[in-house]
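The values are calculated or read from the model by the stated rules, or taken from the named source; none is laboratory data. Note that the structure is predicted; figures quoted are calculated from it, not measured. Positions of Cβ are backbone-derived with ideal geometry, glycine not excepted, and every protein chain shown enters the neighbour counts.
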Amino acid sequence: MKDFNVLIIGSGPAGLFAAIWLERMGIDRIAIFDRNQYPAGGLLNDGKLNFDYRVGIDLDELQIDIEAAQSLIKEVRQIFIEFPRCQQVTFLENNKEIDEWRNVAQENNVQFIAPEQWHYGTDNGKKFVDYLRGLLSHTTFFLGTEIISIEKENGKYRFICQKNRKTEKYSGKVVLASPGRGGAYWFRDSSKKIGVDNNFGPIDVGVRIELNRKFYDPITDVVYDPKFIFQTRRHDDRVRTFCTNPGGRVRVENYGNFKLVNGDALFKHKTGNTNFALINTVFLTQPFSDTTEFGQMIARQFFLLGGGRPIVQRVGDFREGKRSSKSTFNSRSRHFDRCKATYNAVPGDITLGLPARIVDNLWESMKTLDKIVPGILHPSTLLYAPEIKFFDTHFPTDQHLETNIEGIFVAGDGTGKSRGIVGAAISGIIAAKGIVEKYF
Ligand SMILES: Cc1cc2nc3c(=O)[nH]c(=O)nc-3n(C[C@H](O)[C@H](O)[C@H](O)COP(=O)(O)OP(=O)(O)OC[C@H]3O[C@@H](n4cnc5c(N)ncnc54)[C@H](O)[C@@H]3O)c2cc1C
C-alpha cells in the first residue's frame, strides 16, 4: 500500500491550491484523488474569477479578517491571471460608471457589488487545469480513481478506492477533504463513520434568467458579472444575482434523479443572449433543518413536472399567470422571438414547482432589477427552473479548517467553506497552512 504525507480528496481549486501551498512549504509525498480525469466544477466550466472578499468568501466561516482575505486573494490572483488566456473583464480603477450603477441600485434599496473579474471560458477549461497541475512537482495524481471509503488505523488514514473496477488502497498521515458539491453527500456520510461532525448549511433556490443580451449589455459592459442583493419587503428574505454570463448559454447539471440549470460562456464564441441566476437563500431551523432534503424535493418535483427536463417559462406568460407552451413558445406576435432559448427545456409553469414565498421574493426582485436595468422583463425573457445551489453540507472547524477529528481538514464548496473558485482556492491554502503548522 502506497503511503503519503497528505491525502487530498478532489482536484478542484481547493485541492489544487492546497497542494501548491503544501509544496511551497516544503511538503512532499502529496496525493490528489479525483474520480474524474478533470475536476467536475467551475475550473472546467466557464471560469469566471471574482477577486473580492465579498464574493464567494465567508469571513466568519474561514475565521479570517478582511485584511487576511485580501492578502490571500492577492496571492491566488497572481497565479490565476498568469494563465495566458485569462482576460480581465471588469476594471475597477477610475471607473465612474460603476459609481453610477451603485447609485441607481441604492435609490432602489439594492446592494450592488462590482468585483474585479477575469474570465477564461469553458473552451479553455482543460488547458487551465493543466496549467495549475503543471505548478506541482511533488504531488501524485490518482485520476479516474473514486474514493469509496475512509478508514482510520494505527494513527493513519486509509483510502479504499476504485479504479477500472479494481480496488486500490492508499494511506496517509493527514487528510484534506475538498470533494466539491458533487462529492459533498458522499463525504458527509463516509466521514461520519469515523466520527466527523457536520450540520446543515443554507441553500439557494431560484431561477436562471435568460434574455436578449441587448437589455443587459448596459450593465455587463461595465461589470461582467454584476452582483445585486435584494432584501425583500414581504418576507425580509435575501435574493441575489449570481453567475452572469454575457453572450453565454444555459447549461444543465445532471444528478440522476433530478437536473439543475446553470450557465456558462465560451471565450471564443458568444451567443445573442445573457443569462444569470436569481436565487433566494433558504435557512431552515425547527422542526425541520434538513436543507438537503428540502432542495432535493423541489428539484425532484421539477424533474417530474418536466418529464425529466428543466422547465422554462416566458416572462410574458408568467405575468399573465399562464404556463408557456410549445405552440406559442416562439410567437412573433407576442415578441417571444426576440430571445431564442439556448437550452431545450420544457415550456411550462415554474410556479408549480417553487414554494410561493420563493416565487414572491424572486418576482419582487425581478421587478426591482427592471427598474435598475430597464427592459429585462421583456415578454421574451426566459425563466428556467430549478436553479439550486446546494451549499448544505457544513463542517464545524477550527481556524485551520481542521474538523473535530484530528488530522481531517476540509476546504471548498462541498464542506461549506466557499462558494466559488477563488474562495475554494483560498480555503485550500488556509487548510494547507494549518496542516503544516500542526503536523509537520
Ligand atoms: C457548471 C458550473 C459552472 C461554474 N462556474 C463557475 C464560475 O464561473 N466561477 C466560479 O467562481 N465558480 C463557478 N462554479 C462553481 C465552482 O465550480 C466551485 O465553486 C468550485 O469548483 C469549488 O471548488 P472545490 O475544489 O471545492 O470543488 P470541485 O471543483 O467541485 O472539485 C471537487 C472534486 O472532487 C472530486 N470528488 C468528489 N468526490 C470524490 C470521491 N469520492 N472520489 C474521488 N474524487 C471525488 C470531484 O470529481 C471533483 O472534481 C461553477 C460550477 C459549475 C457546476
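Given the condition closer than 23 Å to Ile20 by Cβ and not aliphatic (A, V, I, L, M), answer yes or no: does some residue in the range 88-105 qualify?
Residues of the range 88-105 that are closer than 23 Å to Ile20 by Cβ, as a first pass: 88.
Of the ones still in play, those that are also not aliphatic (A, V, I, L, M) are 88.
Yes; the residues of the range 88-105 include at least one that is closer than 23 Å to Ile20 by Cβ and not aliphatic (A, V, I, L, M).
Filter the range 171-197 down to the residues that are surrounded by fewer than 24 Cβ atoms within 10 Å (Cβ to Cβ), away from the ligand (no atom under 15 Å from the Cβ) and not hydroxyl-bearing (Ser, Thr, Tyr) and list them by number.
Lys173, Gly195, Asp197
Across the range 128-170, which residue is nearest to the ligand (Cβ to nearest atom) among those that are closer than 20 Å to Pro13 by Cβ and aromatic (Phe, Trp, Tyr)?
Filtering first and then ranking leaves Phe142.
Looking only at the range 17-40, count every residue that is near the ligand (Cβ under 8 Å from one of its atoms) and crowded, with 21+ Cβ neighbours inside 10 Å and tell me the total.
So the answer is 4.
Answer yes or no as to whether Phe187 is at pLDDT below 95 and of a type in the set (A, V, I, L, M, F, W, C).
Working: at pLDDT below 95: no; of a type in the set (A, V, I, L, M, F, W, C): yes.
No, not satisfied.
State all residues of the range 210-225 that are within 16 Å of the ligand (Cβ to nearest atom) and either aliphatic (A, V, I, L, M) or in a helix (DSSP H, G or I) (or both); if no residue qualifies, say none. Step through it out loud before you land on a result.
To start, the set of residues in the range 210-225 that are within 16 Å of the ligand (Cβ to nearest atom) comprises 210, 220, 223-225.
Passing the criteria: Thr220, Val223.
Limited to the range 418-436, what total is found for residues that are more than 12 Å from the ligand (Cβ to nearest atom) and at pLDDT below 95?
0
Which members of the range 237-261 meet the condition of being touching a residue at least 12 places away in the same chain (Cβ under 8 Å) and either outside the structural domain of Thr292 (by TED's automatic domain parsing) or over 21 Å from Ile113 (Cβ atoms) (or both)? Steps first, please.
The first filter runs over the range 237-261 and keeps only residues touching a residue at least 12 places away in the same chain (Cβ under 8 Å), leaving 237-252, 255, 257-261.
Passing the criteria: Gly247, Arg249, Val250, Arg251, Val252, Tyr255, Asn257, Phe258, Lys259, Leu260, Val261.
Looking at Leu362, Leu401, can you tell me which residue is within 16 Å of the ligand (Cβ to nearest atom), in contact (Cβ under 8 Å) with a residue 40 or more places away in the chain and buried (at least 22 other Cβ atoms within 10 Å of the Cβ)?
Only one candidate passes the filter, namely Leu401.
On the given criteria, is Leu304 among the hydrophobic types (A, V, I, L, M, F, W, C) and crowded, with 17+ Cβ neighbours inside 10 Å? Working first, answer last.
Values: among the hydrophobic types (A, V, I, L, M, F, W, C): yes; crowded, with 17+ Cβ neighbours inside 10 Å: no.
Answer is no for this residue.
Rundown of residues vs (1) charged (D, E, K, R); (2) modelled with pLDDT under 95; (3) surrounded by fewer than 18 Cβ atoms within 10 Å (Cβ to Cβ), yes/no style:
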| residue | (1), (2), (3) |
| --- | --- |
| Ala68 | no, no, yes |
| Pro84 | no, yes, yes |
| Arg133 | yes, no, yes |
| Ile150 | no, no, no |
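Please specify each residue of the range 22-63 satisfying the condition of being out of contact with any Gly (no Cβ under 7 Å at 6 or more places or on another chain) and closer than 16 Å to Ile430 by Cα.
Listed by number, the residues that qualify are Leu22, Glu23, Arg24, Met25, Gly26, Ile27, Tyr53, Asp58, Leu59, Asp60, Leu62, Gln63.
Listed residues Ile388, Ile372, Ile350, Ile376; which is at negative phi and within 16 Å of the ligand (Cβ to nearest atom)?
Being at negative phi and within 16 Å of the ligand (Cβ to nearest atom) holds for just one of Ile388, Ile372, Ile350, Ile376, which is Ile388.
So which pairs qualify, if the first residue must be in the range 428-440 and exposed (fewer than 15 other Cβ atoms within 10 Å of the Cβ), the second must be in a helix (DSSP H, G or I) and modelled with pLDDT of 95 or more, the Cβ gap must be under 9 Å, and the two must be at least 6 apart or on different chains?
Between residues of the range 428-440 that are exposed (fewer than 15 other Cβ atoms within 10 Å of the Cβ) and residues that are in a helix (DSSP H, G or I) and modelled with pLDDT of 95 or more, the close pairs are Phe440/Leu22.
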